[in-house]
Amino acid sequence: MDDLVQLADDHAAKAAASPHGRSAHLVVHDGVLRQTVIALTAGTSLDEHNAPAAASLQVLRGRVSVTIAGRRQELSTGQLQPIPQERHGLLAHVDSVVLLTAVTN
């Protein structure tokens, strides 16, 4: 069993030490299900990219914005957002860690 608090701590530290300001770890890989912890330093973004078949984003710590079709949705610690099947991006306003749950084809 993985401890999400410990993973968040570990990857926040790795993101802080990374020249790219991010770190990720695949926590669950079960058939089409993927869960990934992603840590981003303040100001770091994930450029717009295609969405998987189904996905959600839960903020484990910090504050991020998800941009979908030009609309920005701000999320903070504890919030959960479904990700529609549209291109989207992610921006960390402060040092942040999220849990991405995705179902792939």
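Quick notes
- Long-range neighbours under 7 Å by Cβ, at least six apart or interchain, first residue on the phi > 0 side of the Ramachandran plot and without any contact (Cβ under 8 Å) to a residue 60 or more places away in the chain within the range 61-72, second in a strand (DSSP E or B) and surrounded by 15 or more Cβ atoms within 10 Å (Cβ to Cβ): Gly62/Ala92; Gly62/Ser96; Gly62/Val97
- Residues in the range 43-59 that are open to solvent by less than 60 Å² (accessible area, probe 1.4 Å) and either within 18 Å of Thr77 (Cβ to Cβ) or in contact with a Gly (Cβ under 8 Å, 6 or more places away or on another chain) (or both): Gly43, Thr44, Ser45, Leu46, Ser56, Leu57, Val59.
- Within the range 68-102, being of a type in the set (A, V, I, L, M, F, W, C) and more than 15 Å from Gln58 (Cα to Cα) holds for Ile68, Ala69, Val94.
- Sole exception among (1) open to solvent by less than 70 Å² (accessible area, probe 1.4 Å); (2) of a type outside the set (D, E, K, R); (3) in contact with a strand residue (DSSP E or B) (Cβ under 7 Å, 6 or more places away or on another chain) for Ala69, by number: (3)
For every residue, the table says whether it meets (1) surrounded by 15 or more Cβ atoms within 10 Å (Cβ to Cβ); (2) under 12 Å from the mean Cα position of the chain (by Cα).
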{"site": "His11", "(1), (2)": "yes, yes"}
{"site": "Ala15", "(1), (2)": "yes, no"}
{"site": "His20", "(1), (2)": "no, no"}
{"site": "Leu26", "(1), (2)": "no, yes"}
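The values are calculated or read from the model by the stated rules, or taken from the named source; none is laboratory data. As the structure is a prediction and not an experimental result, all values here were calculated from the model. So basically every Cβ, Gly included, is an ideal-geometry build from the backbone, and we count neighbours across all protein chains shown. Accessible surface is based on the protein model in full, side chains and every heavy atom, while ligands, DNA and RNA are left aside. Shrake-Rupley method; radii C 1.70, N 1.55, O 1.52, S 1.80 Å.
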